[in-house]
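As structure tokens, the structure follows; a few thoughts come after it.
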Amino acid sequence: MTPYILLILIALSLSFSTKTLNVNRTKRIFSVTFFFLLLYLLFVLRDINIGRDLPGYSDTYDDARYYNWFDSSWTYMEAGYVFLMKLCSSFGLSFKWFMSICYILVV
């Protein structure tokens with residue numbers, strides 16, 4: 001829980017410092033980029049067992065390689081997500097690398 005609390009405190013301090021110090025646009029962009037980089041690293045470096053849903057996603061990712069490319073009837077997930085799983089698993093990427101790609105898209 002500590003990393004999440006620290007992330008909130010960092011976000012608040014960056015917001016406070018950029019508003020009260022009248023910093024220029026370049027420093028604001030740096031602050032936002034720094035925050036989202038920290039957010040990305042928090043997502044990527046966490047263990048797969050943190051959270052209730054990631055083990056299920058991992059099992060589905062492992063199963064994706066055995067199905068046809070455009071067949072998403074075997075799972076409840078969206079067709080685009082299933083296609084992305086199939087694409088990454090065909091390149092031999094582990095589930096952790098697949099999630100790193102997903103987090104790039106999200107963040």
If you check Asp59, Asp63, which single one turns out to be in a helix (DSSP H, G or I), among the acidic types (Asp, Glu) and open to solvent by 80 Å² or more (accessible area, probe 1.4 Å)? Asp59
Hey, Asn24 of a type in the set (S, T, N, Q), free of Cβ contacts under 8 Å to residues at least 60 places away in the same chain and either touching a Leu at 6+ places or on another chain (Cβ under 8 Å) or open to solvent by 90 Å² or more (accessible area, probe 1.4 Å) (or both) or not: no
Consider Thr75 carefully, then state whether it is of a type in the set (Val, Ile, Thr) and part of a helix (DSSP H, G or I). no
Only one of Ser100, Ser73, Ser90 that is hydroxyl-bearing (Ser, Thr, Tyr) and under 26 Å from Leu37 (Cα atoms): Ser100
Per-region count, the stretch 79-107, residues of a type outside the set (Gly, Ala, Ser) and more than 17 Å from the chain's Cα centre (by Cα): 4
Output the residues belonging to the stretch 76-107 that are closer than 21 Å to Asn49 by Cβ and at pLDDT below 85. Met77
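The values are calculated or read from the model by the stated rules, or taken from the named source; none is laboratory data. Note that the structure is a prediction, hence the values are computed from the model and not measured. Every residue, glycine among them, receives a Cβ derived from its backbone with ideal geometry; neighbour counts consider all protein chains shown. Only protein heavy atoms, including side chains, enter the accessible area calculation; ligands, DNA and RNA are left aside. Shrake-Rupley method; radii C 1.70, N 1.55, O 1.52, S 1.80 Å.
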